[in-house]
Structures are given as C-alpha cells and as structure tokens.
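Accompanying notes for the structure given below.
The values are calculated or read from the model by the stated rules, or taken from the named source; none is laboratory data. Note that the structure is predicted; figures quoted are calculated from it, not measured. Neighbour counts are summed over all protein chains in view; Cβ atoms, including those assigned to glycine, are modelled from backbone coordinates with ideal geometry.
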Ligand code: SF4
C-alpha cells in the first residue's frame with residue numbers, strides 16, 4: 001500500500017479513494033477568472049486543483065484565490081525556485097516541481113525547507129519532454145526506464161534532505177511508455193502516484209488516449225490520484241476522470257448512464273434522450289445507474305442491473321426499476337417521467 005499524503009483537506013494514498021484533479025487554464029494572476037474556473041471545477045466534483053505559477057504575480061495571487069475556493073490548491077512551478085518559495089508562503093497546499101529543472105541543491109533545499117515548515121507535500125513531476133540530458137544520452141530517448149530513473153533520482157534529492165512528503169508522477173505522451181513506466185515505478189516506491197497521460201490532445205482523441213492509458217494503469221491497481229489532460233475546458237477533464245473511475249468501479253459517484261447502440265428494433269430517439277438525461281442529471285452526486293434502451297423486447301432485460309431505466313415501446317415509454325416495468329407513459333412524457341423516477345430514486 002502506498003504512503004498516505006495530506007493535501008489540504010484531501011488525503012491521497014493509503015486506503016483513500018482515488019481522487020480526481022484538474023488544472024486551471026487561466027492566467028493565475030487574474031484572480032477572478034481563476035476563481036470562477038475553479039468554482040466550475042468544484043461544481044463538477046474536482047477534488048484538487050493545480051495552477052500554473054509562471055511569475056511573481058501568479059504566486060502572490062495564491063492567497064487571494066484560496067480565500068474564495070474550497071478545494072486544495074497545488075502550485076505548479078518550473079525553473080524558478082523563488083516562485084515555489086513564495087507559493088508556499090502564500091498558502092499553497094502542495095507544490096509540483098520537476099527537481100531536474102529547478103537547479104542546484106541549494107535551490108531545492110530552499111523549497112524543501114519551506115515545505116517542511118508549512119507541512120505540505122511536493123509532487124515530483126517527471127515528463128518525457130523535460131528528462132535530464134544524461135538520461136536521454138543513456139537511454140537514447142524517453143523510455144519508461146529513463147522516466148523511472150529520473151523520478152527516483154529526483155525523489156532521492158528530496159529524501160537526502162529528510163523530506164518524505166512526496167507524490168510522484170511520470171508522464172509521457174506515449175501511452176504504452178506511460179503504462180510501462182508506472183508499472184516499473186510502482187514496484188520501486190511506496191509514495192502515492194499521480195497518474196495521467198500528458199498532452200493527450202483535443203477531447204475527441206484525448207479522452208480515448210486518457211481512458212486507455214489511465215484506465216490500464218488503474219486496472220493494474222496502480223495510482224492514487226488522476227488528472228486527465230485535455231486541450232479544452234478543464235471541466236471536461238474532471239467529467240472524464242470520474243467516468244474512468246466509474247468504468248473500473250473504483251468509485252461510486254453520480255449517475256452512470258448506459259444506453260443501447262440501437263438497431264432495427266429501436267422505436268425512440270435514444271441518442272437525443274440519453275444526451276438530455278445526461279445534461280439534466282449532472283447535479284446528482286449520489287450513485288445511480290440509468291439505462292436508456294431503444295425497445296421493449298430486450299431493453300429492460302439487457303439493463304436489469306440498472307437502478308432506473310426507460311425502454312421505448314410502440315408509441316409508449318416503459319419506465320423500469322431494477323429490470324421491472326413500473327410505469328407506462330406516452331412518448332412525449334417519457335423524458336419527464338424518467339427524470340421523476342431518477343429523482344425519486346436518489347431522494348431529491
Ligand atoms: S435494446 Fe432493443 S433497440 Fe436497443 S440494441 Fe437492444 S434490441 Fe436493439
């Protein structure tokens with residue numbers, strides 16, 4: 001079992017459930033834009049948020065942002081150790097650095113000293129794009145072995161200063177390399193692992209790459225917190241993160257909607273209904289499995305393990321609970337009838 005680490009009000013590692021995090025895409029020094037985006041992420045269920053700290057203005061905005069949000073904030077710092085020190089002094093709940101690009105031992109020591117005093121963890125984030133030159137030379141390119149060696153080397157830098165409040169991530173754009181790297185790393189460390197596929201792309205393809213990569217790693221029992229990286233709205237990253245966890249039955253959170261692929265027997269617009277139901281049930285936090293099936297022949301039976309569902313009939317909709325039909329309604333009433341049944345199931 002991985003070591004337990006505390007990030008503000010959230011614990012990761014140990015026996016804690018896997019958390020979903022995201023990263024703001026605003027200019028961090030624009031406090032109101034950043035707070036607004038974090039509030040949207042909180043609404044979607046995001047449990048930890050990271051902000052890019054690229055200059056002093058960003059670092060000094062942290063305390064103002066943190067007064068207005070309710071989830072832990074991680075300061076993401078590259079190259080400049082002074083920014084990491086300011087971020088910690090401003091109250092950040094965790095620092096993400098790549099020790100390899102922060103500079104010499106004294107600079108790392110300055111970060112470690114303030115993190116020790118503030119009792120906050122450091123994430124050692126190794127990316128294929130910022131691997132140390134000697135490791136690139138040794139391995140030829142950013143292999144899984146090179147990423148693991150880099151991560152462990154950087155962890156050792158912190159451990160030498162008696163700092164063990166560590167989270168590790170090793171991300172590559174290659175999905176197989178990332179999967180292999182986490183498999184190797186998980187055998188060599190007890191620190192919690194932050195899992196993600198970096199630069200996975202626009203949602204259309206990025207969701208697939210993230211689901212395959214993060215999903216494979218989690219299915220191996222590896223990973224304590226995840227971040228889906230998509231080119232686009234970060235709220236989508238959170239939604240996809242939860243869908244990955246729900247698909248692997250690692251958490252129970254909000255609605256899981258299943259809908260049939262439709263076929264020649266279909267008698268309702270399954271795609272449209274499923275889209276409407278997905279949008280109108282986003283606010284629900286309790287777990288509920290909802291099925292939308294195109295026909296009455298196979299619908300309720302195929303969705304027997306769903307809590308609530310709808311199957312199309314000829315001119316009617318069959319509302320069912322746990323595979324048993326409980327109501328028959330006309331086609332124009334079926335979406336509202338299904339929503340009523342969902343709300344009654346979750347006790348709204
Ligand atoms: S539930 Fe009915 S419409 Fe949907 S795929 Fe199965 S048989 Fe076809």
>> For the stretch 232-261: of the residues being touching a strand residue (DSSP E or B) at 6+ places or on another chain (Cβ under 9 Å) and within 14 Å of the ligand (Cβ to nearest atom), which is farthest from residue 38 (Cα to Cα)?
In response: 260
> Counting only residues that are loosely packed, with under 15 Cβ neighbours inside 10 Å, part of a loop (DSSP other than H, G, I, E, B) and modelled with pLDDT of 90 or more, how many does the stretch 307-348 have?
Replying inline: 0
>> Quick check on my filter: what residues within the stretch 18-41 are over 16 Å from residue 232 (Cα atoms) and either surrounded by 24 or more Cβ atoms within 10 Å (Cβ to Cβ) or under 12 Å from the mean Cα position of the chain (by Cα) (or both)?
In response: 18, 19, 20, 28
>> Considering only residues that are under 16 Å from residue 276 (Cβ atoms) and away from the ligand (no atom under 16 Å from the Cβ), which ones fall in the stretch 321-339?
In response: 329, 332, 333, 335, 336, 337, 339
>> I'd like the residue in the stretch 290-306 that is under 30 Å from the mean Cα position of the chain (by Cα) and surrounded by 24 or more Cβ atoms within 10 Å (Cβ to Cβ) and, out of all such residues, is farthest from the ligand (Cβ to nearest atom).
In response: 290
>> Quick check on my filter: what residues within the stretch 180-200 are surrounded by fewer than 23 Cβ atoms within 10 Å (Cβ to Cβ), without any contact (Cβ under 8 Å) to a residue 40 or more places away in the chain and out of contact with any strand residue (DSSP E or B) (no Cβ under 9 Å at 6 or more places or on another chain)?
In response: 180, 183, 187
> For the stretch 109-130, what are the residues that are over 26 Å from residue 141 (Cβ atoms) and over 21 Å from the mean Cα position of the chain (by Cα)?
Replying inline: 109, 110, 111, 112, 113, 114, 115, 116, 117, 118, 119
>> Filter the stretch 262-271 down to the residues that are over 27 Å from the mean Cα position of the chain (by Cα) and away from the ligand (no atom under 11 Å from the Cβ) and list them by number.
In response: 269
>> I'd like to verify a number: residues in the stretch 27-41 that are more than 15 Å from residue 229 (Cα to Cα) and in contact with a strand residue (DSSP E or B) (Cβ under 8 Å, 6 or more places away or on another chain), how many?
In response: 3
>> For the stretch 283-314, give me each residue that is free of Cβ contacts under 8 Å to residues at least 60 places away in the same chain and farther than 20 Å from residue 261 by Cα.
In response: 283, 287, 288
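Being within 16 Å of the ligand (Cβ to nearest atom), more than 26 Å from the chain's Cα centre (by Cα) and in contact (Cβ under 8 Å) with a residue 24 or more places away in the chain: is that true of residue 318 here? Quick ask: steps written out before the conclusion?
Working: within 16 Å of the ligand (Cβ to nearest atom): yes; more than 26 Å from the chain's Cα centre (by Cα): yes; in contact (Cβ under 8 Å) with a residue 24 or more places away in the chain: no.
Considered against the rule, which asks whether it is within 16 Å of the ligand (Cβ to nearest atom), more than 26 Å from the chain's Cα centre (by Cα) and in contact (Cβ under 8 Å) with a residue 24 or more places away in the chain, residue 318 comes out as no.
Considering only residues of the stretch 218-238 that are over 8 Å from the mean Cα position of the chain (by Cα) and under 16 Å from residue 43 (Cα atoms), which is surrounded by the most Cβ atoms within 10 Å (Cβ to Cβ)?
Taking the stretch 218-238 first, the residues over 8 Å from the mean Cα position of the chain (by Cα) are 218-224, 229-236.
In the following step, the residues that additionally are under 16 Å from residue 43 (Cα atoms) were identified as 233-236.
Details: 233: 16, 234: 25, 235: 17, 236: 17.
It comes out as 234.
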>> Looking at residue 285 and the list (1) modelled with pLDDT of 90 or more; (2) more than 9 Å from the ligand (Cβ to nearest atom); (3) over 15 Å from residue 324 (Cβ atoms), which single condition is not satisfied?
In response: (1)
